[in-house]
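The next block holds one structure in the form of structure tokens; read it before the comments.
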Amino acid sequence: MSRFVLSLLLASTSVLAAAQVLAAAQQPAFPPSPLDQPPQNLADASTPTLKVTSRLTIENVTVTDAAGKPVHGLKQSDFTIKEDGKLQEIKNFQEYGAEILSNQPAPPALPPNVYTNAQPPAANTGAVNILLLDMLNTGPARQGRVREKAISYLKSMPPGTEIAVLALGMGGDLHVVQEFSADRPVLLAAMDSFTPAMVLSPRIPPPAPGPCPQIPPVDAISYFLNTRSAETVDALEQIAAFASGIKGRKNLIWFTPGLPQITTFTMVYNLLQQIEGIGCGSPPLVDYTSGLQKAYGLLSASQVAIYPVDPRGLQYGPAADDVGELPFLESDTLRRFSFFSLQDMAASTGGIAYYNRNDIDAAMGEAIATGADYYSLSYVPPPSKYDGKYRKIEVKVDRPGLHLQYREGYTDIDLAKPLAKKKDAKAAPAPDSDFHTAIDHGMIPVTGLVFNLHVAPSAQPAKPGDSAALKQVLNPKLSGKPLVRYALMYEIPAGEVTLVAGPNGTRKGSLEFD
């Protein structure tokens with residue numbers, strides 16, 4: 001991996017950075033793109049500036065009739081929206097749906113050998129869909145059931161349905177199985193390639209004898225739960241960042257048994273006490289409730305609605321495929337709390353929870369269909385105190401017999417401010433930096449900084465040692481093939497980068513590429 005720093009003295013419309021790589025292929029070269037535009041006159045940094053910040057809250061509302069069919073043609077005057085019982089003025093209003101956007105023009109085609117990480121809009125619907133395969137919180141047999149049911153749905157999905165497939169694995173590894181596509185064979189091949197993975201559970205030694213059983217058995221369980229909680233919350237924030245670069249509504253269909261260890265923190269610890277008979281020591285579990293609330297807030301800000309689908313199916317007792325999961329998480333009590341967790345995910349983001357049913361493929365279809373047609377309303381909420389209180393949202397339509405589905409409220413926290421670290425956060429490993437996480441191979445596409453990438457053979461001659469440098473990474477099938485040096489030219493619009501004002505109307509800054 002190459003690493004370099006580009007120092008800038010910028011007065012142009014874009015930033016260009018070049019890198020050199022080797023490959024075993026041939027393509028026509030392309031002419032260089034120099035920064036040949038004259039400097040622009042920039043405002044004097046000493047000019048007084050008045051900054052006013054106004055938050056805009058977006059509510060995506062699905063409206064259906066008594067038969068569950070989407071209702072079209074409603075006007076802004078048909079809706080009212082309240083926050084904590086106070087009527088709010090609707091600032092923006094728009095209806096979205098498959099029928100509304102079916103004639104939407106396609107994005108402009110890129111020139112040859114040019115790629116971009118800018119996310120395209122939905123092709124034939126007002127929303128795109130993300131399938132999240134959860135290998136972190138779900139046992140392998142249930143993952144296999146999800147794979148089977150997902151394939152069943154994809155075989156008959158409506159034409160034009162845009163779907164991406166992500167997978168969350170052990171260690172918080174969130175990666176792309178398939179990028180957004182409406183091509184059924186491509187999606188089927190991606191889902192067919194998905195391999196269920198074992199959920200690692202801690203080795204729990206028997207409790208030591210004595211009036212106060214030893215803590216290590218419980219520490220093993222709590223460390224396991226803390227780790228899963230931290231990695232799951234971190235993955236949700238990554239999905240929110242990824243989705244923020246895609247316009248419109250995103251339906252996150254998350255195959256998960258829920259997160260009772262977070263949403264019922266105290267209850268889980270009490271259960272651990274009952275299981276191990278602990279009468280001493282401090283609670284070993286970390287309360288990730290605030291982190292989960294922030295993740296839901298970031299998802300809502302990115303217009304992501306969670307549709308959790310419980311892969312356990314109809315619940316009537318411990319299943320035979322619970323190998324690899326903690327047995328006590330299958331207790332009747334925790335199962336009921338896991339349902340509350342699924343309901344909380346949906347209510348916090350505007351989706352619907354599906355559980356206690358075996359037709360996972362039908363649940364997928366319902367979630368995608370429900371989220372395809374919606375009304376987008378926005379309003380400016382009252383000034384925030386960031387006091388952590390829950391703000392209730394109520395949306396009504398002035399027509400009888402209609403059902404509304406939307407985000408029912410939010411926790412008033414500063415989404416831009418990092419959460420305070422827990423005193424006992426050492427119970428779970430800290431995630432990698434956002435920068436290094438974003439550039440890992442197979443990670444979800446980075447959309448925070450939009451750029452174009454020009455790729456073509458370089459005119460530079462080969463350098464001594466090029467072949468030797470590639471021996472350890474070159475595919476054996478390419479052995480003996482002629483090697484070509486390729487030039488990679490990254491073009492970043494100037495508006496994507498914040499630069500500090502300097503003397504004589506210049507702007508300065510630095511970018512780090514890795």
(request) Would you kindly state how much longer the chain becomes between residue 494 and residue 386 on full extension, computed as 0.36 nm times their sequence separation minus their alpha carbon distance, in nm to one decimal? (result) 35.6 nm
(message) Quick check on my link table: of 69/389; 82/294; 91/508, which ones sit more than 32 Å apart, alpha carbon to alpha carbon?
(response) 69/389; 91/508
(request) May I ask you to list the residues of segment 156-174 whose amide nitrogen lies under 18 Å from a point 7 Å from Cα along the Cα→beta-carbon direction of residue 366? (result) 157-158
(request) Evaluate E = 1/(1 + (r/R0)^6) for residue 399 and residue 506, where r is the Cβ-Cβ distance and R0 equals 56 Å; express this FRET efficiency to the nearest 0.05. (result) 0.45
(message) So for each of 303-311, 189-197 I average, over its residues, the number of other beta carbons within 10 Å; can you give me the resulting order with the highest mean first?
(response) 303-311, 189-197
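Residue 358 to residue 189: FRET efficiency via 1/(1 + (r/R0)^6), r the Cβ-Cβ distance, R0 30 Å, to the nearest 0.05? If you can, show how the numbers build up before the last one.
On the way: r = 26 Å, r/R0 = 0.85.
Working from the Cβ atoms, E equals 0.70.
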(request) State the extension gain, in nm to one decimal, for the chain segment bounded by residue 151 and residue 94, taking 0.36 nm per residue of separation less the distance between their alpha-carbons. (result) 17.2 nm
(request) Assuming R0 = 51 Å, can you tell me the calculated FRET efficiency for the pair residue 378 and residue 141, based on Cβ-Cβ distance, to the nearest 0.05? (result) 0.70
(request) Show me 145-153, 478-486, 457-465 ranked by packing, highest mean number of other Cβ atoms within 10 Å first. (result) 145-153, 478-486, 457-465
(request) Beta carbons within 10 angstrom, averaged per residue: use that to sort the peptides 225-231, 242-248, 356-362, highest first. (result) 225-231, 242-248, 356-362
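No lab work stands behind these numbers, since they all come straight from the coordinates. Computed from a prediction, not measured in an experiment: that's the story for all the values here. A quick note on method: Cβ atoms are made from the backbone with ideal geometry, for glycine too, and the neighbour counts reach across all protein chains shown.
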